[in-house]
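Okay, structure first, notes after.
The values are calculated or read from the model by the stated rules, or taken from the named source; none is laboratory data. Remember, it's a predicted structure, so these values are computed and weren't measured experimentally. For neighbour counting, all protein chains shown are included, and Cβ atoms are generated from backbone atoms with ideal geometry for every residue, glycine included.
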Amino acid sequence: MTILNYNEEQLARELARLAAPLRAAFAAACAERLKPAYDEFSKQTARVNPVQLSSILGRLWEDLDGNEMSSPQLQESIESAMELIPQGDDGPWVLTQAAEDAAAALAYALRCRQTGEAQEAAWAARRAYEAVDHFVIDREKIDVNEAGSERAVLLHPIVQVELSRQRRDLDAVSLSRLGARAHCALTRTDKEARGDCHERHLAHVHLRQQRQPDQAPR
């Protein structure tokens with residue numbers, strides 16, 4: 001079994017070889033997997049607006065499908081996503097952190113759509129990776145100061161699943177030619193949304209690509 005690692009520099013290089021909308025699609029998939037954490041945080045604290053987060057994310061997918069946002073609409077979405085980042089620590093730390101990661105990943109995905117920058121998509125992936133990293137440390141009561149703790153977290157199935165999904169999504173968008181525009185369809189597999197809280201956060205996101213003329217993000 002191949003052990004996957006999170007390498008942000010390598011990921012950014014691979015993303016840079018893709019068309020800009022495909023980078024945004026990859027980032028949006030990362031944000032999508034974190035959305036259930038935001039929903040759960042809302043249930044426990046009633047301090048955030050999961051409906052708005054879902055709406056903004058859904059509008060991003062529509063944009064990537066071809067119903068594009070105007071520049072002012074995209075900027076407004078970015079600002080709204082930033083405002084959705086929870087402040088304070090009313091909920092359990094790991095869930096608060098995951099909710100923050102969800103909103104931040106969405107903001108990065110939107111900024112990637114706005115600028116086309118590969119690093120924005122890589123930052124979205126980092127948020128998804130850090131969310132599972134924090135969850136595993138908290139659930140397994142891992143002392144990060146102990147020798148071997150970092151590798152123990154990396155080898156945990158939940159972390160490996162997230163890394164494999166990032167790899168899967170990157171491979172999926174890479175199948176499109178560099179001149180292609182993203183055409184993304186979202187499906188969720190409920191059978192994977194079971195078990196502990198963060199396994200539900202890792203709802204399956206599948207990206208299908210269709211070849212269409214390239215158009216730079218507005």
* Matching residues, segment 1-45, being assigned to a helix (DSSP H, G or I), hydrophobic (A, V, I, L, M, F, W, C) and more than 16 Å from A124 (Cα to Cα) -> F41
* To do: Could you run through segment 29-54 and say how many residues are hydrophobic (A, V, I, L, M, F, W, C) and surrounded by fewer than 17 Cβ atoms within 10 Å (Cβ to Cβ)?
  => 2
* Any chance R167 is touching a Leu at 6+ places or on another chain (Cβ under 8 Å), modelled with pLDDT of 50 or more and crowded, with 18+ Cβ neighbours inside 10 Å -> no
* Out of the residues in segment 109-125 that are crowded, with 24+ Cβ neighbours inside 10 Å, hydrophobic (A, V, I, L, M, F, W, C) and closer than 21 Å to E76 by Cβ, which is nearest to the chain's Cα centre (by Cα)? -> A124
* Asked: Residues that are more than 19 Å from A31 (Cα to Cα) and at pLDDT 95 or above: which helices (runs of 4 or more DSSP H) entirely in segment 46-164 hold 2 or more of them?
  -> 71-83
* Asked: Which residues, counting only those in segment 75-134, are of a type in the set (S, T, N, Q) and within 17 Å of W61 (Cβ to Cβ)?
  -> S77, S80, Q114
* Got a sec? Which of L57, L84, L106, L64 is in contact with an Asp or Glu (Cβ under 7 Å, 6 or more places away or on another chain) and crowded, with 18+ Cβ neighbours inside 10 Å? -> L57
* Scan of segment 54-97 for residues that are touching a Phe, Trp or Tyr at 6+ places or on another chain (Cβ under 7 Å) and hydroxyl-bearing (S, T, Y), ordered by number -> T96
